[in-house]
1. Can you name every residue in the stretch 37-51 that is part of a strand (DSSP E or B) and over 19 Å from residue 9 (Cβ atoms)?
2. Out of 51, 57, report the one residue that is buried (at least 16 other Cβ atoms within 10 Å of the Cβ), more than 14 Å from the chain's Cα centre (by Cα) and free of Cβ contacts under 8 Å to residues at least 60 places away in the same chain.
3. In the stretch 1-29, what residues are in contact with a helix residue (DSSP H, G or I) (Cβ under 6 Å, 6 or more places away or on another chain) and either on the phi > 0 side of the Ramachandran plot or in contact (Cβ under 8 Å) with a residue 24 or more places away in the chain (or both)?
4. Counting only residues that are out of contact with any helix residue (DSSP H, G or I) (no Cβ under 9 Å at 6 or more places or on another chain) and not in a helix (DSSP H, G or I), which one in the stretch 63-83 is farthest from residue 37 (Cα to Cα)?
5. For the stretch 16-46, enumerate the residues that are more than 17 Å from the chain's Cα centre (by Cα) and closer than 22 Å to residue 73 by Cβ.
6. Report whether or not residue 58 is at pLDDT 95 or above and more than 18 Å from residue 98 (Cα to Cα).
């Protein structure tokens with residue numbers, strides 16, 4: 001499953017940089033903070049499974065809360081300066097605000 005996720009992410013980046021979606025009023029911007037993430041460990045070093053839903057694939061409410069802060073951070077970063085390493089042990093705080101000039 002991990003290899004499939006990496007392959008999907010690589011294809012997503014290739015599609016985003018292909019120029020196919022670069023239009024006057026639309027573009028595709030990949031949010032790469034999942035490229036190299038750190039999941040919250042427990043004191044014994046094992047992954048804290050409370051971060052995930054019972055299916056062990058999707059995020060729990062707590063997981064979604066933290067992931068959403070990293071996604072928001074990525075969305076507001078310039079395309080060529082996006083964070084690729086998210087530390088999901090902590091939320092990406094303070095939350096950024098969009099530039100009112102743009």
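The values are calculated or read from the model by the stated rules, or taken from the named source; none is laboratory data. Owing to the predicted nature of the structure, the values given are computational and were not obtained by experimental measurement. As a convention, Cβ positions derive from the backbone with ideal geometry for all residues, glycine included, and neighbour counts pool all protein chains shown.
1. Answer for the stretch 37-51, where residues must be part of a strand (DSSP E or B) and over 19 Å from residue 9 (Cβ atoms): 41, 47.
2. That would be 51, the only listed residue that is buried (at least 16 other Cβ atoms within 10 Å of the Cβ), more than 14 Å from the chain's Cα centre (by Cα) and free of Cβ contacts under 8 Å to residues at least 60 places away in the same chain.
3. Passing the criteria: only 29.
4. 78
5. 17, 27, 41
6. no
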